[in-house]
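Q: The structure follows.
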Amino acid sequence: MSPSRSQGKLYIVGIGPGGTEHLTKKAESVLHSSEFVIGNGTYLDQMATVIKGAKIIRSGMGGEVERAKKAVELSRDHVVSIVSGGDANVYGMAGLVLEVAQKEGNIDLEIIPGVTAVSAAASLLGAPIVSDFAVISLSDLLTPMEVIERRFKSAAEADFVIAIYNPKSRNRRENFGTAIGIIREYRNDNTPVGIVKSATREGETVIVTTLGKIMEYNDIIDMSTLVLIGNSESRLWNNRIITPRGYQRKYDY
Ligand code: SAH
């Protein structure tokens, strides 16, 4: 056996948007088989019934680097799951854990996909992202605001449906208005907008409105909210949003 031997394994597990019924079977079985489960407190609480057999390591928001290092270190000799809300590839832990693992070398790891917030939110809103859509995070903790603004401008100009992750945090409330201002330069005030808070969790709230009225809801938009802005073809129907895929251009129905 090589000196950097490993009996362990590291799973990076997307646990879905909230309710355990949205956890995939694969994610559930991996969590059941793990000796250690590492994650942020909120996510671990969400999964309490599924991970009760494992040793739990909690870490707070912002402790991501330390958490990733701990997970990689433990996974040399143990089966470890590091959990990420939604999907671990969508502003989740997959990137950081792989970067740390690359430095350490020789880590056996597997990434388990999860239902990301935009899928959960879109389902609650109807069919808003059936066509091309862009996903942009408004968090400027790790990405400079100039870059974020350029992405909003490009996505708005190219008529992508736009999903906004991290619209606000406690210390960062202004970026949202800036992003909406940019989008309004390219899109009509009647453009449908969906605001989904705590999808599949307690307190789930779904609001369907328009771009012209969105700032009326500014106060309820927080760090558990996802905002979806329709494209130029999106329309409202029965408090839902439909973005036509294009069938109407080919078929009569
Ligand atoms: N990896 C996660 C996203 C992490 S970024 C995923 O794939 O979903 C955190 C942001 O995701 C939040 O600020 C919010 O915009 C969005 N989000 C996560 N869960 C959500 C939920 N249940 N309802 C609405 N938005 C959610």
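Q: What lysines does residue 197 reach when the alpha-carbon gap must be under 22 Å and sequence neighbours fewer than 8 apart in one chain are set aside?
A: Within the straight-line limit of under 22 Å, residue 197 reaches these lysines: 168, 213.
Q: Would you mind classifying the chain by shape? Square roots of the alpha carbon gyration tensor eigenvalues, ordered a ≥ b ≥ c; an a/c under 1.5 is rounded, otherwise it is prolate if a/b is larger than b/c and oblate if not.
A: Here the chain falls in the prolate category.
Q: Here is a follow-up. Just need the relative contact order of segment 118-213 here, percent rounded to a whole number, with Cα pairs under 8 Å and 6+ apart.
A: 27
Q: While we're on this one: Using a Cα-Cα cut-off of under 14 Å, which aspartates and glutamates could be cross-linked to residue 26, ignoring same-chain neighbours fewer than 8 residues away?
A: Partners within reach: 87, 110.
Q: Another one. When the Karplus curve 6.51 cos²θ - 1.76 cosθ + 1.60 is applied with θ = phi - 60°, which whole-Hz ³J(HN,Hα) does each residue of segment 97-113 get, with x for Gly and Pro?
A: 5, 5, 5, 5, 4, 4, 5, 6, x, 6, 9, 7, 9, 9, 10, 9, x
Q: Let me ask something else about it. What does the net charge come to around residue 79 if you take all other residues with beta carbon closer than 9 Å to its beta carbon, with K and R at +1 and D and E at -1?
A: Within the 9 Å Cβ shell, the charges total 0.
Q: Here's a follow-up. Suppose every Lys and Arg Cβ carries +1 and every Asp and Glu Cβ carries -1, with no other charges. What dipole size does segment 100-240 come out with about its Cα centre, to the nearest 20 debye?
A: For this selection, approximately 280 debye.
Q: Tell me the mean residue ellipticity at 222 nm calculated for the chain from its helices only (DSSP H runs of n ≥ 4, each -39500 (n - 2.57), averaged over every residue, nearest 500).
A: Result for the chain, helices only: -8500 deg cm²/dmol.
Q: Tell me, what % of the accessible area of the chain is carbon and sulfur with a 1.4 angstrom probe?
A: Accessible surface attributable to carbon and sulfur in the chain totals 48 percent.
Q: I would also like to ask the following. Normalising by the residue count of the chain, find the relative contact order in percent from Cα pairs under 8 Å and 6+ residues apart.
A: 19 percent.
Q: Continuing with this model, one more query. Between residue 205 and residue 146, what length in nm is gained on full extension when 0.36 nm per residue of separation is reduced by their alpha carbon distance?
A: 18.2 nm
The values are calculated or read from the model by the stated rules, or taken from the named source; none is laboratory data. Worth saying up front: this structure is predicted, and the values here are computed from it rather than measured. A quick note on method: Cβ atoms are made from the backbone with ideal geometry, for glycine too, and the neighbour counts reach across all protein chains shown. Each accessible area value is taken on the protein alone, full model and side chains, heavy atoms only, with ligands, DNA and RNA left out. Shrake-Rupley method; radii C 1.70, N 1.55, O 1.52, S 1.80 Å.
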